[in-house]
Amino acid sequence: MGWCGKSIKKAMNMKFKKRSIRHIQTYVAFRNKRRGFDKETLCQRLVLLSEEVGELMKACRNEIRGNRRNNLRAISEEFVDVINVAVSVGNTLGIDLEEEFLRKMDIIDKRMAMTKKLKLQKT
């Protein structure tokens, strides 16, 4: 059982620590500026995001095929690259990712509660 399976019970009762996504978003913006990437256009960042997703898919495909030599490390690195570029896209668009994340989680929770209620009504 992977990390998710082991931690799912804990996560169900977990409180979201505010400012954690906002901190990552600020940190990514700082690092991009320091590296000179703060002038990239939205189009450039979206192309880069698609490249990084492709690299993640390739690393996952190697996992599926059983080519496991250091593959978890490769998957982890590509996953972080995807997150980094996705956060950069959010920064370019001026999106408060933490606010939107929490809003979307609330929508999903309400949808799941409605689905559960409908399933109970059918039985």
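Can you go through ARG73, ARG31 and tell me which one is loosely packed, with under 11 Cβ neighbours inside 10 Å and either modelled with pLDDT of 95 or more or at negative phi (or both)?
Answer to the check: ARG73.
Considering only residues that are under 21 Å from LYS17 (Cα atoms) and more than 14 Å from the chain's Cα centre (by Cα), which ones fall in segment 97-123?
Scanning segment 97-123 gives GLU99, ARG103, ASP106, ILE107, ILE108, ASP109, LYS110.
Mind checking which pairs have a first residue in segment 35-61 that is outside any helix (DSSP H, G or I) and a second that is of a type outside the set (Lys, Arg), Cβ under 7 Å, 6 or more apart or different chains?
Here the result reads ASP38/ASN32, each pair linking segment 35-61 to a residue that is of a type outside the set (Lys, Arg).
Being under 17 Å from ASP96 (Cα atoms) and surrounded by 10 or more Cβ atoms within 10 Å (Cβ to Cβ) is the filter; apply it to segment 1-18 and report the residue that is modelled with the lowest pLDDT. Walk me through it before giving the result.
Kept after step one, since they are under 17 Å from ASP96 (Cα atoms), are these residues of segment 1-18: 16-18.
Imposing the further condition that a residue be surrounded by 10 or more Cβ atoms within 10 Å (Cβ to Cβ) reduces the set to 16, 18.
Values: PHE16: 67, LYS18: 73.
Of everything passing the filter in segment 1-18, PHE16 is modelled with the lowest pLDDT.
The values are calculated or read from the model by the stated rules, or taken from the named source; none is laboratory data. Small disclaimer: the values here were computed from a predicted structure and weren't measured. Backbone-built Cβ (ideal geometry, glycine too); neighbour counts: all protein chains shown.
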